[in-house]
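Trainee: Sending over a structure as structure tokens; questions will come in a sec.
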Number of protein chains: 4
Amino acid sequence: MNTFGHLFRVTTFGESHGPAIGCVVDGCPPGIAIAPEDFAHDLSRRATGKTRHTSARHEADEVEILSGVYEGVTTGTPIALLVRNTDQRSKDYTAIAAQFRPGHADYTYWHKYGLRDPRGGGRSSARETTMRVAAAVLAKKWLADRFGVSVRGCMGQIGDIVPETHDWHAVEANPFFWPDAAQVPELEAFMDALRKSGDSVGARVTVVADGVPPGWGEPVYGKLDGELAEAMMSINAVKGVEIGDGFASVAQKGTTHRDVMTPGGFLSNHAGGILGGISTGQQVVVSVAFKPTSSLRLPVQGVDVDGNVVDVITTGRHDPCVGIRATPICEAMLALVLMDQALRHRAQCGDVGGVVPRIPPSAGG
Amino acid sequence: MNTFGHLFRVTTFGESHGPAIGCVVDGCPPGIAIAPEDFAHDLSRRATGKTRHTSARHEADEVEILSGVYEGVTTGTPIALLVRNTDQRSKDYTAIAAQFRPGHADYTYWHKYGLRDPRGGGRSSARETTMRVAAAVLAKKWLADRFGVSVRGCMGQIGDIVPETHDWHAVEANPFFWPDAAQVPELEAFMDALRKSGDSVGARVTVVADGVPPGWGEPVYGKLDGELAEAMMSINAVKGVEIGDGFASVAQKGTTHRDVMTPGGFLSNHAGGILGGISTGQQVVVSVAFKPTSSLRLPVQGVDVDGNVVDVITTGRHDPCVGIRATPICEAMLALVLMDQALRHRAQCGDVGGVVPRIPPSAGG
Amino acid sequence: MNTFGHLFRVTTFGESHGPAIGCVVDGCPPGIAIAPEDFAHDLSRRATGKTRHTSARHEADEVEILSGVYEGVTTGTPIALLVRNTDQRSKDYTAIAAQFRPGHADYTYWHKYGLRDPRGGGRSSARETTMRVAAAVLAKKWLADRFGVSVRGCMGQIGDIVPETHDWHAVEANPFFWPDAAQVPELEAFMDALRKSGDSVGARVTVVADGVPPGWGEPVYGKLDGELAEAMMSINAVKGVEIGDGFASVAQKGTTHRDVMTPGGFLSNHAGGILGGISTGQQVVVSVAFKPTSSLRLPVQGVDVDGNVVDVITTGRHDPCVGIRATPICEAMLALVLMDQALRHRAQCGDVGGVVPRIPPSAGG
Amino acid sequence: MNTFGHLFRVTTFGESHGPAIGCVVDGCPPGIAIAPEDFAHDLSRRATGKTRHTSARHEADEVEILSGVYEGVTTGTPIALLVRNTDQRSKDYTAIAAQFRPGHADYTYWHKYGLRDPRGGGRSSARETTMRVAAAVLAKKWLADRFGVSVRGCMGQIGDIVPETHDWHAVEANPFFWPDAAQVPELEAFMDALRKSGDSVGARVTVVADGVPPGWGEPVYGKLDGELAEAMMSINAVKGVEIGDGFASVAQKGTTHRDVMTPGGFLSNHAGGILGGISTGQQVVVSVAFKPTSSLRLPVQGVDVDGNVVDVITTGRHDPCVGIRATPICEAMLALVLMDQALRHRAQCGDVGGVVPRIPPSAGG
């Protein structure tokens, strides 16, 4: 199961410290203009090594298009994308090949497969998400061109710090995808202290899609929200997913939560743009909880593959807050799910639907 | 997309007020002993009309086994289960056939399909979940017989009320699946007042699986936690899913969150029994947020299918807290995901794995 | 694996002598007008017991629509169809429950599942194909309404007898779906003699689809011809499938086989309407080889489940030529494959294609 | 749809004259020993340019393993294999970019996708089958190691020439995979004359698997024979597939066709090793019809993309009998289907089955 999607299918491959990572995008509509340089922007946003707040690993992440594109446009055949790994440093990890790092997949891989590639976490490394971001570039293009759908994201919490204001313009102007510019110095100080301490911290990311037409999503299984939940939970270190008000709904009354429709627009969006598994035409809102990374240079008592007690020290290059780089990954998963649902909707209902008036996303806008 | 699962596939069908609901379970291992009466216990736990705290609809929910069982055991061929609807009262709903109820799938179905079955919510009704519970009876049996896996669940919050103690014995002894017997009178009073007010409230459900061996789950897509997230989010009214500590992980440090392994057992279970998408052998813990139902007799301004302003009053029989009956449904989805993952693990890795010592779920237990 | 199709998915269930057979059609477009009586014509064409040349079993084959249809049209939700078995006569088969009938699935089911439902062949009976024919009624309607696609079939050979002329009008006017009316008396004599002898014979069926637009089919796997091959081979007793000239192509030269295109039309159709896995717009032509049924009242030496030598006599009601009733089944599979490919084409390429002039199917027509 | 298989999934990518072709093998069991040089033997058998009887294109076909293998064994994660194209000669094809070659996918691709990669047939080239052969190397290894299954194939007919004897030892000793050594000179003369004439011819290939245990295959859809039919039909230029006696069954009587079982073994194998979609334990026998290639240097009148009449001359390098190199490809597809069915059988029925005595494949052997 290294394929994501039903009709727009992304199959990824590659280990963190193997020769390369890559993906095959199958089911892509023909006629999308794409060039190797189109991948650079989003890949750069998720890349490590650009600031002191992320892992020191530096990868060029140059995408080679191996197939499926002719004279600059997709042809409808599978699009293979390849990124060579150049900064593996396998030697960093050899000491822990026979140990189970707490909070990692070491132990579970051994029990699943009977063996494990220990180099940099192998397949369980977040390096795999590079190819999700690359594949989503195609999805974002098609969604934008055909429907005007746009996808964006930002951080919603790091440790105990939450944004006091929300300004989309601030998000791309700081290394934390943080929507409140005034808090960036506080965050930098917090992260510097955290890094020095050798510890790590969790984070919350929120991604939204604007312009999604009503009617996308399957009503029972394969719901739009259901597939978003799986998509986000498939990102390394994710422990929770919310749609719209999420867990805050638990304490709400129905009279509060139900989003009133008027001919001039919806009056609220507690639902996060999805009702009955199908998009309402409002903004789709997804929040994601990232755990603190377990790769710490602070030693911890552990167990090795023979059942002996050992001291586990993880000496590689790691992110003190894996959630920081996760914003473009969450955006990518949102785009991939929307793309897939758009194609599925077109398959079953292509030329029906839309027989009732469309209500604006918001009465205000 | 009315099929859940990859190898243990449950296809459900039926509308709330159609002649019947049912499912086809495909890929079921042969040799499981099953009889119509085996479904009664779990179906009764999710049934409406048993106390004043749930919808007044009363269905017998008698399961007819149409295929796939011979001389009391499954044969490996598809198992079709049928439940006739007997208490539909379609007339309750005719007044709102041309209206969009806020917070319901009315509007989204129109935009998806260009038409809608208005009788009792049609396919979008929670009545569909009856068949999930029925199908999961097969999964629970196999999981228990082969691996000693047990699945159970309880309420974790209703409105602002949270349990003060946790006693599994209390859960089945009150109509709320509530783990703190002392709070039941308070809950009853709260629910009575809520029902009289005509409003509704959200809820949080937690389900756990004990006995899951390490090694189940796919490591990238099709992760155990990813599929649990989709499974839970596919239940009507769900807005959030957490694995283990979930959103609480955001504010945690890595030194806290990472669950230390010792030869005598894991020292904590912040991860909720899953690392890298694969089970650790600890208790699998999933929490689910249910929104307050939007079917309220309190009127609200709305829109009809022609775009006109209307007063929407929902006069049918509804649950003031849909989360109450959701506990067995969440258990069912947990069982279905585990069953499917167990078969997939057996397919790929059947006779490998387990070459390293197994660590007990908990150092205490 | 009791589901056929990727987007138009038909899941069948039921045993020959169980309480019922049925299917769930998922992914069906909304808005197709359908009523229970629409199934009668095609089900009658494949039914047994109408002439002395087919099995004496007589089933009413009344279809109950359990879901997915509201006010006479499909709603986009799963359509469950149910047919009760009424003429099972289980007692006919009890004598052979512990025997392996040669040429039957008895032996293979035992080895696959470790047990077997012996009543009338259980799941391996051709009774299952009833539901394929029923499901295909929906597909045929949509294909005809949207694209003018029509599907029809006839016998191409019984034993050594081949038609000397081909007249579509003759096909439905005799019990053999035979396209040469003059040969019907010869066939009747042949079949009467065969039935008296207790033996059986093979048959060849050819089905065609007219009106298929160019561009349907996946080019590598999931080819239109590939899926037709699987579809036909999934019918009981099929041993071979040909597209267009089929095995006759082996002795052909390229200058003969390649179908010349002119602006006025294709000059031949050796390809059977498919090139590179994709429809050309010509008639799609599929031929299917049926083996002689192995259910004979002529005794044969065999083996029982304990490995002992036994005399096997099959005393049930059987078809002396299973291919006779197979024509509507082959038509059904052709329609189901086309329907599925049409939806998949719409998903990926919906509004592209057709930018080059369309060449008429035939220069003559 | 560029993925073959359900549990052992092979996704191929690449165009004939693009930078590379490749595949991702997902779901492969861990622990299979594999090295780049293991692919050489089978790839060499299907390669062009080794004798004058196949296309003059010469590709090194060096396989790079990009992922999924650690220290020489598969790890259970996806295995990406890459082969760079080195001898594309795109210039050979530019003249026909705007023409529809008769018998090719040019016309159908245009109608499907609205555009086409004309370089060497693009995706529709048989070059894609290189990766099927590569992927099947993994399958063959696992099938041989676990079950002793072996797969092999030979030519059964070229034009009107059929083997007079059958000797497996002869097959690999001539460039035609021909089982009758005495006929090789006749074949060489025939092929030389054909090549000089500029024409092409069809062929028949037969592949067999020995050692398949009884019980593999799904009984209704996803039958072993059904999937073999699709697998073979997915190979370029295939027009027919037979299992066992295939179309010869049409003229057979049931008393002839049904394969009698005795405790000492089956007395015949008309069924080709499959009953009810499930393997019997006998030799699995599949025959495949290849059409004569349509790429001929003999001119033919045709149509261009604007609907004008043109003279079509195909000047590239082509096989006069594409069936010659198809033997290893058919073997590969047989191995891939068996591998997938083996895993599916293990998933559903893992530890059941085999409760009845196993009958030897043949009473003679």
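The values are calculated or read from the model by the stated rules, or taken from the named source; none is laboratory data. These numbers were taken from a predicted model, which means no experiment stands behind them. Positions of Cβ are generated from backbone atoms using ideal geometry, with glycine treated the same way; all protein chains shown enter the neighbour counts.
Trainee: Which ones in segment A:255-270 are in contact (Cβ under 8 Å) with a residue 12 or more places away in the chain and either more than 7 Å from chain B (Cβ to nearest Cβ) or within 21 Å of the chain's Cα centre (by Cα) (or both)?
Mentor: A:256, A:264, A:265, A:266, A:267, A:269, A:270
Trainee: Test residue D:319 against the stated conditions and say whether it is within 12 Å of chain C (Cβ to nearest Cβ) and at pLDDT 90 or above.
Mentor: Numbers: within 12 Å of chain C (Cβ to nearest Cβ): yes; at pLDDT 90 or above: no.
No, not satisfied.
Trainee: So, in segment C:107-121, how many residues would count as being within 9 Å of chain D (Cβ to nearest Cβ) and out of contact with any Leu (no Cβ under 9 Å at 6 or more places or on another chain)?
Mentor: 7
Trainee: A further question follows. Got a sec? Which of B:283, B:301 is farther than 22 Å from residue A:243 by Cβ and touching a strand residue (DSSP E or B) at 6+ places or on another chain (Cβ under 6 Å)? Spell out how you get there, then give the answer.
Mentor: Details: B:301 fails: touching a strand residue (DSSP E or B) at 6+ places or on another chain (Cβ under 6 Å).
Exactly one residue qualifies, and that residue is B:283.
Trainee: Residues in segment C:308-318: is at least one farther than 21 Å from residue C:223 by Cβ, more than 21 Å from the chain's Cα centre (by Cα), surrounded by fewer than 21 Cβ atoms within 10 Å (Cβ to Cβ) and free of Cβ contacts under 8 Å to residues at least 12 places away in the same chain?
Mentor: yes
Trainee: Taking residue A:287 as the residue in question, decide whether it is polar (S, T, N, Q), crowded, with 24+ Cβ neighbours inside 10 Å and assigned to a strand (DSSP E or B).
Mentor: So residue A:287 fits the description; yes.
Trainee: Now a separate question. Suppose we filter C:279, C:362 for residues that are under 26 Å from residue C:144 (Cα atoms), surrounded by fewer than 17 Cβ atoms within 10 Å (Cβ to Cβ) and either at the interface with chain D (Cβ under 7 Å from one of its Cβ atoms) or among the polar types (S, T, N, Q) (or both); which single one remains?
Mentor: Details: C:279 fails: surrounded by fewer than 17 Cβ atoms within 10 Å (Cβ to Cβ).
Checking each option against the conditions leaves just C:362.
Trainee: Which residue pairs have Cβ atoms closer than 9 Å, lie 6 or more positions apart in sequence or on different chains, and pair a first residue in segment A:202-217 that is more than 11 Å from chain B (Cβ to nearest Cβ) with a second residue that is surrounded by fewer than 21 Cβ atoms within 10 Å (Cβ to Cβ) and hydroxyl-bearing (Ser, Thr, Tyr)?
Mentor: Listed pairs, sorted by first residue: A:208/A:150; A:209/A:150; A:210/A:150; A:211/A:150.
Trainee: Got a sec? Which of C:322, C:337, C:356 is closer than 13 Å to residue D:112 by Cα and either surrounded by 24 or more Cβ atoms within 10 Å (Cβ to Cβ) or free of Cβ contacts under 8 Å to residues at least 40 places away in the same chain (or both)?
Mentor: C:356
Trainee: Restricting to segment A:326-359, name every residue that is away from chain C (no Cβ under 14 Å) and either farther than 23 Å from residue A:243 by Cβ or over 16 Å from the mean Cα position of the chain (by Cα) (or both).
Mentor: Within segment A:326-359, A:357, A:358, A:359 qualify.
Trainee: Outside any helix (DSSP H, G or I) and within 13 Å of chain A (Cβ to nearest Cβ): is that true of residue B:127 in this structure?
Mentor: So residue B:127 fails the test.
Trainee: Another question, if that's okay. Here are the criteria: (1) under 27 Å from residue D:124 (Cα atoms); (2) surrounded by 23 or more Cβ atoms within 10 Å (Cβ to Cβ); (3) of a type outside the set (Val, Ile, Thr). Tell me which single one residue A:100 does not satisfy.
Mentor: Residue A:100 satisfies all of (1) under 27 Å from residue D:124 (Cα atoms); (2) surrounded by 23 or more Cβ atoms within 10 Å (Cβ to Cβ); (3) of a type outside the set (Val, Ile, Thr) except (1).
Trainee: Within segment D:279-313, can you find the residues that are among the β-branched types (Val, Ile, Thr), touching a Ser or Thr at 6+ places or on another chain (Cβ under 9 Å) and closer than 16 Å to residue D:360 by Cα?
Mentor: Of everything in segment D:279-313, just one residue is among the β-branched types (Val, Ile, Thr), touching a Ser or Thr at 6+ places or on another chain (Cβ under 9 Å) and closer than 16 Å to residue D:360 by Cα, namely D:280.
Conditions (1) within 30 Å of residue D:30 (Cα to Cα); (2) among the basic types (Lys, Arg), marked per residue:
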| position | (1), (2) |
| --- | --- |
| B:310 | no, no |
| B:321 | no, no |
| B:327 | no, no |
| B:337 | yes, no |
| B:346 | yes, yes |
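Trainee: Moving to a separate point now. Hey, any hits in segment A:143-151 for a residue that's away from chain D (no Cβ under 14 Å), surrounded by 22 or more Cβ atoms within 10 Å (Cβ to Cβ), touching a strand residue (DSSP E or B) at 6+ places or on another chain (Cβ under 7 Å) and in contact (Cβ under 8 Å) with a residue 60 or more places away in the chain?
Mentor: Yes: one or more hits.
Trainee: Exactly one of these conditions fails for residue D:104: (1) in a loop (DSSP other than H, G, I, E, B); (2) of a type outside the set (A, V, I, L, M); (3) under 25 Å from residue B:217 (Cβ atoms); (4) within 14 Å of chain C (Cβ to nearest Cβ). Give me its number.
Mentor: Every condition holds for residue D:104 apart from (3).
Trainee: Now, a different point. Just the residues that are touching a Ser or Thr at 6+ places or on another chain (Cβ under 6 Å) and among the aliphatic types (A, V, I, L, M), please, taken from segment B:116-143.
Mentor: Within segment B:116-143, just B:131 meets the criteria.
Trainee: Then there's this: Scan C:74, C:11 and give me the residue that is more than 7 Å from every other protein chain (Cβ to nearest Cβ), touching a Cys at 6+ places or on another chain (Cβ under 9 Å) and under 23 Å from residue B:81 (Cα atoms). Walk me through it before giving the result.
Mentor: Values: C:11 fails: more than 7 Å from every other protein chain (Cβ to nearest Cβ).
Only one candidate passes the filter, namely C:74.
Trainee: State which residue pairs qualify: first residue more than 7 Å from chain A (Cβ to nearest Cβ) and inside segment B:228-239, second residue surrounded by fewer than 24 Cβ atoms within 10 Å (Cβ to Cβ) in any location, beta carbons under 6 Å apart, and separation of 6 or more residues or different chains.
Mentor: Listed by first residue and then by second, the contacts come to B:236/B:126.
Trainee: Looking only at helices (runs of 4 or more DSSP H) that lie completely in segment A:161-252, which have at least 2 residues being modelled with pLDDT of 95 or more and surrounded by fewer than 24 Cβ atoms within 10 Å (Cβ to Cβ)?
Mentor: A:168-171, A:184-197
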